[in-house]
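*Asks:* Encoded as structure tokens, here's the structure I'll be asking about.
Each value in this text was obtained by applying a stated rule to the coordinates, not by laboratory testing. Computed from a predicted model, the values in this text were never measured in an experiment. Note that we place each Cβ from the backbone using ideal geometry, even for glycine, and neighbour counts take in every protein chain shown.
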Protein chains: 2
Amino acid sequence: MSLRHALLGLLDAAPMTGYELDQILDETFGYPWTAPRSQIYPSLRQMEAEGLIEAEVKHTGERERREYRILEPGRAELARWVAEPVPYAGARDAAHLKASMMNMVKLDEAEKLFLAHRDHFRQRLEIWNKRIDAIQAGTSPLLEARLRDQPPDEQAKLIAFKLCGYEGSAMRARTEIEWAEHGLVTVASLRQATRTPNSIDVA
Amino acid sequence: MSLRHALLGLLDAAPMTGYELDQILDETFGYPWTAPRSQIYPSLRQMEAEGLIEAEVKHTGERERREYRILEPGRAELARWVAEPVPYAGARDAAHLKASMMNMVKLDEAEKLFLAHRDHFRQRLEIWNKRIDAIQAGTSPLLEARLRDQPPDEQAKLIAFKLCGYEGSAMRARTEIEWAEHGLVTVASLRQATRTPNSIDVA
DNA sequence: ACATACATGTAATGCGTTACATGATTAC
DNA sequence: GTAATCATGTAACGCATTACATGTATGT
């Protein structure tokens, strides 16, 4: 149940609408959690009913916006959750599973999959790097909002842990890229071996 | 929908019962996919109904065992799935999310979480390494069963891709361990900074 | 006028977790 | 006799994906 805590964490930085939260929880933004609208809006309503957050209904002409702010019970719940152990799930990785069965398909197909994997995580890495740069340069609006009402030593903690979280994501992306490249080398050497069946495998 | 393909992949090596599949798809075994009984048995029944696999009902005394074997449509579906692009999901990592909010908890709590992360992935790495060793040593019964009726150049492909899949899992585990250690360093340097508030941060 | 961004939701379906439920065989 | 292993399931619940559904404000 991390979605609720991702939302609480964002609302802890600044009051926001569901729409704004949705933009941050989008794949392309680069937040360590993603979710679609269909999860966000009901979740906000639920947390409001539970007294974790509070909505202020604002009107822009005819349009209604519900701006949510975090309440003390919400902040307490967030702190409780952070300290709670991570519920590590069993290994479940479609890319690794496929790789282990690639003997079933042509080497060209295997190569395509590894290229797609590398490209996907290259894009991801770019996103994480941008976020890391923004945190370090002080150009992340959310983080700057959070830093405002904090004492100096709390600021250092805040920045250090934010960076740490994003570093984890970046490290993972780098590993995936590295693995995909390893896969491409494997494909290349198998191709070589098939072309010259009687030579010794150079890999 | 990778569970079905994990099952098909295993049945492609040798006919098996749901019970045997459950043991392999357990966290502690070290297969790149995990699943509980409650998913395995219904999945097998469904694939049987769809003609992808076939059950041979065997009797050991009073007890009934349903031994499933893969059929040609099942093998075809498996090959189709392997070549299909991986459906990459949005980033969703509770550990990274928590790390980015660790400013909310005591440094001791943060340290505990990183230690747990490191230990969890150390255990995982050990499991992956054992599987890699077994593949290389030729002591994996499943792989040996698979190798039997394959021509020599297909055998090389099989081993290379199996290793590649497991290497991916091992690389990931190593990265998680490294990240946890990075987190521990971060905690330690913050602790130092809090103890000697006027000194320059040595991190 | 038209496109884009703003803004909020519901419904259906599938995957994954946890708990519940039962009983036979084998080894000690 | 009793514990571990073999063996097969069902039920309830929650989280995630995709599709559906609607309408306003703003910039060009």
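*Asks:* If we keep just the residues of the range B:2-28 that are of a type outside the set (A, V, I, L, M) and within 12 Å of DNA strand D (Cβ to nearest atom), which is surrounded by the most Cβ atoms within 10 Å (Cβ to Cβ)?
*Replies:* Taking the candidates together, the pick is B:Gly18.
*Asks:* Scan the range A:29-52 for residues that are near DNA strand D (Cβ under 9 Å from one of its atoms) and either within 14 Å of A:Ile70 (Cβ to Cβ) or assigned to a loop (DSSP other than H, G, I, E, B) (or both) and jot them down.
*Replies:* A:Thr34, A:Ala35, A:Pro36, A:Ser43
*Asks:* Go over the candidates A:Thr139, A:Thr186, A:Thr175 one by one and state the one that is among the hydroxyl-bearing types (Ser, Thr, Tyr) and either outside any helix (DSSP H, G or I) or more than 11 Å from chain B (Cβ to nearest Cβ) (or both).
*Replies:* A:Thr139
*Asks:* Please work out which residue is farthest from DNA strand C (Cβ to nearest atom), limiting yourself to the range B:30-81 and to residues that are in contact (Cβ under 8 Å) with a residue 24 or more places away in the chain and at the interface with chain A (Cβ under 10 Å from one of its Cβ atoms).
*Replies:* This residue is B:Arg75.
*Asks:* Output the number of the condition that A:Ala89 fails; it satisfies all remaining conditions of (1) assigned to a helix (DSSP H, G or I); (2) within 16 Å of DNA strand C (Cβ to nearest atom).
*Replies:* (1) is the only condition that A:Ala89 fails.
*Asks:* Conditions first: (1) exposed (fewer than 15 other Cβ atoms within 10 Å of the Cβ); (2) farther than 28 Å from A:Gly30 by Cα; (3) within 10 Å of chain A (Cβ to nearest Cβ). B:Leu158 passes all but one, so which condition is the exception?
*Replies:* Going through the list (1) exposed (fewer than 15 other Cβ atoms within 10 Å of the Cβ); (2) farther than 28 Å from A:Gly30 by Cα; (3) within 10 Å of chain A (Cβ to nearest Cβ), B:Leu158 breaks only (1).
*Asks:* Related question: Working only within the range A:1-20, note down all residues that are within 12 Å of DNA strand C (Cβ to nearest atom) and within 14 Å of another protein chain (Cβ to nearest Cβ).
*Replies:* A:Met1, the sole residue that qualifies.
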